[in-house]
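The values are calculated or read from the model by the stated rules, or taken from the named source; none is laboratory data. Source: prediction; values computed, not measured. Counting neighbours? That spans all protein chains shown, and the Cβs are built from the backbone with ideal geometry, glycine included. These area figures cover heavy atoms from the full protein model, side chains too; ligands, DNA and RNA do not enter into them. Shrake-Rupley method; radii C 1.70, N 1.55, O 1.52, S 1.80 Å.
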Amino acid sequence: MSRFFIFYFSIVILFSMLSTHIIRAQEAIGYQEPPDQIRDLADAPGFPALRISPDRNTALFLETPGYPSIEELAEEELRLAGIRINPANFSPSRASYYTGIQIRAIHNKAVAKSIEGLPTDIRISSPVFNKSGSRFAFVLVHKDEVELWWVDVQTARAQKLTGHINATLGGTFTWLDDDHLVAKQIFFGHEHKPVASKMAPVPSIQSNDGSAAPVRTYQDLLRNAGDESMFEYYTTSRLIKYTLPTGTSESLGIEGIVSGMSVSPNGEYLMVNRMHRPFSYLVPYYRFPNTTEVFDSKGRLIEAVASIPPTESLPKGFNAVPEGRRNIGWRNDAPATLYWVEAQDGGDPAKQAEIRDILYLKVVGNEKIFQGPAMKLRYAGIQWGNENLAIIQERWWSTRQQITTAWSPGNPSAAGRELFNRSYEDRYADPGSFLTLPNAWGQQTLCLLNRGKTLILTGMGASPEGNRPFIDEYELASGKTRRLWRSEAPYFEMPALAFDPAKGLWLTRRESTDQPPDYFMRNLRKNTLEAFTDFENPYKALAGIQREIVGYERADGLKLTGTLYLPAGYDKAKDGPLPVFMWAYPREFKSADAAGQMNRSPYEFTRISWGSPLFWVTQGYAIFDDFSMPIVGEGDDEPNESFVEQLRLSAESAINTLVDMGVADRNRIAVGGHSYGAFMTANLLAHTNLFAAGIARSGAYNRSLTPFGFQAEQRTYWEAGDVYHKMSPFNYAHEIKTPLLLIHGEADNNSGTFPMQSERFYAALKGHGTTTRLVMLPYESHGYRARESVMHTLWEMHEWLEKYVKNRGNL
């Protein structure tokens, strides 16, 4: 054999070995499934959703579907201006829907019955009752079309009203009154669909005139003229008015990119918001230029309300708002009165100002504009009652301050009366929210009792012993409250709907550690409770697991909590310490006291979703779920100045607590999280040696790629470069020695969590010899939807935990 042949043969063998190594680095294993117990729990059906008619006579039970297939996710999808469109049927490509609908009369004990007249294999969205509750309408989503259907409550029979609905931007239809509704129909025919140019591409150019325009990192934005044309084609609608029960229709002559529409309480006017060119390549569609106009029920223009320019250049900060009219809406307690808010500080939270916002009122058809209350903080919402009372909320992010004011719309220039002034972080001091009920027009207005002297407050009732939802009477004149009801152990019960507060009749949702949530009719006056539903427990496989809310302290004295789950039949004395899987999501606070407050109930039923770590309690692990990860910055201090240090303190105290309890093996503890929890996980592995392994899903790891702010960080990369650097685990990839599993959707469109974040982080880890694995899920966004993706994610996590945590000593 010649030397050349021997040399050639050796090279071939060498390259074959190298190729084999490379192929192993990119494993083609296909979709896998986790162990049967995990798979079956993940496949368990969810609880039905409940809708109640405005007249409180009818209940709808909406069946939630299982996971869609990967084939469904792989269908054609357009990503334009921050939305994802199914071009086959003019609808959002990733919308949620229901797969079944049943109806039941509330005031008798008859079982719910199915709606007649529906096709099989249905996908239902947006069921909405008319004002009296005698009918409801919904959209039916087919592969090639979206249809509008309606149901007569008395007959429980469905009828198709029309097809060719344009559901791309949502807000597909609205009721004008009991017998009429307006819907968005596709405007352009297929012959007008833009086609890709066969000419050579031309440069796409953006320019700036020197003005500052800081924006956060958005995805799926428009990129060129072709995208603009395609966006316009799929979002342009015409408004059609339908009459029931005949189904006759008439065009209102209103056309364009209709992004919103709402009806005046008396049903005589339609307010329409339409976007128009020039479109932006920097921000999503909801910040495009737009107009708001009021039309009558025949489609005649009554008045122009606002013309809003593109908002590419908002000031920096969470309380930044555009100048001009915003938050435009109808006054719910008046026939046809508009309201809106205007900033008095240029929309810039950095400016010093005594007054931030002013609310204005205007009756349709009357030129006079009434100035309402001036607000010290930023407007945050309003609840209408009558001529004598409306409740206004205002908030300020940097201080977490919230002011609640009572104001008289009948005397708009009069100053309001402050009811509450508090930190909205302080859950223990939360008085609750004022109850609203449908009025004669079907609009939500304040529940006024005792001739307008008394209101009703409902809230979660956070307390050191856990959340205990409540119902209070609130005396408007004195501000005094009287407790009507409070959830009592061993149940977690919360108000779901008020039937007749004057008579003490409520619908509540009640659950316990071993009873799934069901709805009950509660009579506060008689102190009686009657079951309204009897849902089956879909999580019987979790029966017998041990659940405990564990309280502990951080080294700096901050009070923390977490929910500990132990396997069924586990005996600490007999079985010894367990491998542990910890899962968390960091949250920022301006107050240490607020950060240490209890935010859960020991009596809640144990639920599970595809993203939960709880699956592994069936595999012999202790689970410490949602353990506190507060990031606190009091006074002038920004929370993120000490982000890494606070992560470390919280993780150390959690681990020490579990070890001291005797349930955790210190050498076999994993940490994980999704999104900002993934960011937390990578930072913990970069700056501590506390864990045996980490799992990070759909995270961001290099903060220089989100330079104009992220999560609760308002400062830019150029203002707080050191903070951005220290908080970026990518910059410390060389310090990570703990095995780290990275999972990410290839189509993640969440602001900041580009798929590139995981790809670049993996490359950095691999380049420094870290034990790591990157799983990119085809077609998946920030949360995973396809059954194949969910099961494979659970398989990857299970294999990682088994190898690097439970069986760590066998490596």
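Where the second residue is open to solvent by 10 Å² or more (accessible area, probe 1.4 Å) and at pLDDT below 95 and the first is within 17 Å of Ser758 (Cα to Cα) and lies in the stretch 682-710, which pairs have Cβ atoms under 6 Å and are six or more apart or on separate chains? Sorted first by the residue in the stretch 682-710, then by its partner, the pairs are Thr706/Thr217. In the stretch 482-511, the residue that is farthest from Gly46 (Cα to Cα) out of those that are touching a Pro at 6+ places or on another chain (Cβ under 9 Å) and surrounded by fewer than 17 Cβ atoms within 10 Å (Cβ to Cβ) is Arg486. On the stretch given as the stretch 759-811, residues that are more than 22 Å from Ala664 (Cα to Cα) and in contact (Cβ under 8 Å) with a residue 60 or more places away in the chain total 20.
The residue list Leu774, Leu690 contains one member that is assigned to a strand (DSSP E or B), open to solvent by 20 Å² or more (accessible area, probe 1.4 Å) and not charged (D, E, K, R), which is Leu774. Out of the residues in the stretch 615-670 that are closer than 19 Å to Pro579 by Cα and basic (Lys, Arg), state the one that is least open to solvent (accessible area, probe 1.4 Å). So the residue we want is Arg668.
Between Thr399, Thr404, Thr445, Thr454, the distinction of being among the hydroxyl-bearing types (Ser, Thr, Tyr) and open to solvent by 20 Å² or more (accessible area, probe 1.4 Å) belongs to Thr399 only. I want to confirm something. Restricting to the stretch 85-110 and keeping residues that are among the hydroxyl-bearing types (Ser, Thr, Tyr) and either more than 25 Å from Asn166 (Cβ to Cβ) or touching a Ser or Thr at 6+ places or on another chain (Cβ under 7 Å) (or both), which single residue is least open to solvent (accessible area, probe 1.4 Å)? Looking at residues that are among the hydroxyl-bearing types (Ser, Thr, Tyr) and either more than 25 Å from Asn166 (Cβ to Cβ) or touching a Ser or Thr at 6+ places or on another chain (Cβ under 7 Å) (or both), I get Ser91.
Considering Gly662, Gly677, Gly745, the condition of being in contact with a strand residue (DSSP E or B) (Cβ under 8 Å, 6 or more places away or on another chain), at pLDDT 95 or above and closer than 27 Å to Gly557 by Cα is satisfied by Gly677 alone. Per the listing Leu558, Leu566, Leu542, the residue uniquely crowded, with 19+ Cβ neighbours inside 10 Å and within 30 Å of Glu645 (Cβ to Cβ) is Leu558. For the stretch 739-766, a residue qualifies if it is surrounded by 22 or more Cβ atoms within 10 Å (Cβ to Cβ) and farther than 16 Å from Leu705 by Cβ, and the qualifying residues are Pro739, Leu740, Leu741, Ile743, Gly745, Leu765. When the stretch 579-614 is filtered for residues that are more than 21 Å from the chain's Cα centre (by Cα), open to solvent by 20 Å² or more (accessible area, probe 1.4 Å) and farther than 25 Å from Tyr491 by Cα, the ones remaining, listed by number, are Lys590, Ser591, Ala592, Asp593.
Here Tyr724, Tyr732, Tyr701 are screened, and the one residue that is assigned to a loop (DSSP other than H, G, I, E, B) and either open to solvent by 10 Å² or more (accessible area, probe 1.4 Å) or of a type outside the set (A, V, I, L, M) (or both) is Tyr701. Return a yes/no flag: does the stretch 794-809 have any residue that is more than 21 Å from Ile38 (Cβ to Cβ), within 27 Å of the chain's Cα centre (by Cα) and of a type outside the set (S, T, N, Q). The answer is no; no qualifying residue exists. Among the residues of the stretch 345-358, is any part of a loop (DSSP other than H, G, I, E, B), touching a residue at least 40 places away in the same chain (Cβ under 8 Å) and closer than 26 Å to Tyr218 by Cα? There is at least one residue in the stretch 345-358 that is part of a loop (DSSP other than H, G, I, E, B), touching a residue at least 40 places away in the same chain (Cβ under 8 Å) and closer than 26 Å to Tyr218 by Cα. The sole residue among Ala225, Ala336 that is surrounded by fewer than 15 Cβ atoms within 10 Å (Cβ to Cβ), of a type in the set (Gly, Ala, Ser) and over 29 Å from the mean Cα position of the chain (by Cα) is Ala225.
Of the listed requirements (1) buried (at least 21 other Cβ atoms within 10 Å of the Cβ); (2) without any contact (Cβ under 8 Å) to a residue 60 or more places away in the chain; (3) aliphatic (A, V, I, L, M), Ala156 misses just one: (1). Residues considered: Gly557, Gly562, Gly569. Of these, the only one that is part of a strand (DSSP E or B), closer than 26 Å to Ile669 by Cβ and small (Gly, Ala, Ser) is Gly562. Scanning the stretch 230-262 for residues that are loosely packed, with under 15 Cβ neighbours inside 10 Å and either modelled with pLDDT under 95 or on the phi > 0 side of the Ramachandran plot (or both) yields Gly247, Gly253.
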